[in-house]
1. Determine, from the Cβ-Cβ distance of Ile316 and Thr186 and an R0 of 35 Å, the FRET efficiency 1/(1 + (r/R0)^6), rounded to the nearest 0.05.
2. Given the DSSP H assignment, sum -39500 (n - 2.57) over each helix run of at least 4 residues in the chain and divide by its residue total; what's the result at 222 nm in deg cm²/dmol, nearest 500?
3. Please compute the length gained on full extension between Gln197 and Ser372, using 0.36 nm multiplied by the number of residues separating them and subtracting their Cα-Cα distance.
4. Calculate, in nm to one decimal, what Glu33 and Gln133 gain on full extension: separation in residues at 0.36 nm each, minus their alpha carbon distance.
5. Would you list, by chain and number, the lysines whose Cα falls below 21 Å from the Cα of Lys306, excluding same-chain residues fewer than 8 positions away?
6. Provide the gained length on full extension for the span Asp97 to Leu283, in nm with one decimal, where the gain is 0.36 nm per separating residue minus the Cα-Cα distance.
7. Step by step: find N for the stretch 98-239, compute 2.2 N^0.38 Å, then divide the Cα radius of gyration by it. What's the final number?
8. Ignoring any ligand, DNA or RNA, what whole percent of the accessible area of the chain comes from carbon and sulfur when the probe is 1.4 angstrom?
Amino acid sequence: MKRLFLLSYGTILITFFIAIIAMEQLELFSTDEIEEIAFGNDISATAGLLTEIAEFKGQAQAERSFKKFTDKMHLTLEVYPSTSSEVSEEIREHLLDHNLFIEDAEENMAYFIFGDKQKIYRIADDFNSPFMQQVSDKEWMILVEICAALAIITFIVLFFLARRLRRLEKTYIAFADGDFTARASTKLFHNVGKLNQTFNIMANRISQLINSNRNLTNAVAHEFRTPIFRIQCNLDMLDDSKVRPDQMPHLEGIQSDLNELNSMVEELLRFSKLERLDTSLVLEPTDIGILLEKQLNHLQFETEAKLTLHVTDNCIAPVSVRALQRALGNVIRNGYKYANTEVRISLQASPEELHITIENDGPDIPVKARDSIFDPFVRLDKSRDRQSGGHGLGLAITKQIIKQHKGCIYITDSEMGGACFNIKLPL
């Protein structure tokens, strides 16, 4: 949000200065023509008065009077003979026809003749005079004040707009983190156009869809339990003595499928429970190194792959022991399922967080699939065969448990060649 505020603020100021320069260069809203007419009228009137003074008191007296006039008006006066080469032929011809030539009306620069017309008089603003320097400083001060006023007004407007956007951003983040009750405030001084109302409409529809999906999943999983129980009872009541030997493999297959279906229902119910917002974990300070060491000793009996643990710090963190064991167990089992020879678990702590990495020397996980692999029922191609087991819920459950610990889990490349699961938990 801070970056957006600074970007918008800088863009407005830069656009303002570019617009000022463009208007200056393109002479938009220019008053040069009016200024030239007004300046020409002033010079003509002055020349007329000087001509009258020259007729009654002589050309010299008219020039002295004109010199006093230019001094008081903070103008420079230059006098040239009518045949002077310092005055271009174009200007002399214009003076013969109109007695006046305006070179630059903005700087009060002009040539004119009066009286006996034997001399050409050139006037211009005296920028070296204290008065003109003061005027120039005032003009710069006015420009600075205008820019400062624009900057302050723009800052105030963007500040209040940024506050509204920041408040709306917090609602977006809360909703994205799973708080589907989060709604944007629709108060007068909190609204950002119709964005708040539009977000609330979208949030209501998404919440309804998610709640319907959760209720359906939970209901289906619960309803599955009854027919599974009946099938299991009927299977147990079969008299093995009356079953022909060639039928035993079929019965064993039914039992295996029934166990798998029952396991999937249990996983589905557990995942649905973790997704509920009212589910909270009881956290207690735990030495994660000792926890992992005990868990690896137990898991080592399940696999021929070597499970190694590297602990660099004394890591004590507030966790739910059973939930974290389940989350770590899911990731470790996923690791040795695809490892060639070894799964390496590393544990280190910083002042703010605990970092657990679980990596193996098996095949890597494609970058495009690294985010979706934590979604329910998502499995990679190599895990779709019956030998791999699982229902695509293990990593989804792990992500929910880590999320309830206010942590995060993500996948990177491993130095061992396979995938590296990174788990970060706050201390």
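The values are calculated or read from the model by the stated rules, or taken from the named source; none is laboratory data. Note that the structure is a prediction, hence the values are computed from the model and not measured. Don't worry about glycine lacking a Cβ; one is built from the backbone with ideal geometry, like all the others, and counts go over all protein chains shown. We work out accessible area using only protein heavy atoms, side chains counted, and drop any ligands, DNA or RNA first. Shrake-Rupley method; radii C 1.70, N 1.55, O 1.52, S 1.80 Å.
1. Working: r = 45 Å, r/R0 = 1.29.
After rounding to 0.05, the efficiency reads 0.20.
2. Working: 10 runs with 234 residues, N = 427.
Computed ellipticity for the chain at 222 nm equals -19500 deg cm²/dmol.
3. Values: separation 175, 0.36 × 175 = 63.00 nm, distance 3.07 nm.
Result: 59.9 nm gained on full extension.
4. Working: separation 100, 0.36 × 100 = 36.00 nm, distance 2.54 nm.
Extra length from Glu33 to Gln133 when fully extended: 33.5 nm.
5. Candidates past the 8-residue exclusion: Lys294, Lys337.
6. Details: separation 186, 0.36 × 186 = 66.96 nm, distance 10.06 nm.
So the extension gain works out to 56.9 nm.
7. Working: Rg = 39.7 Å, N = 142, 2.2 N^0.38 = 14.5 Å.
Relative to the rule-of-thumb radius for its length, the stretch 98-239 sits at 2.74.
8. Details: 15590 of 27300 Å².
C and S atoms contribute 57 percent here.
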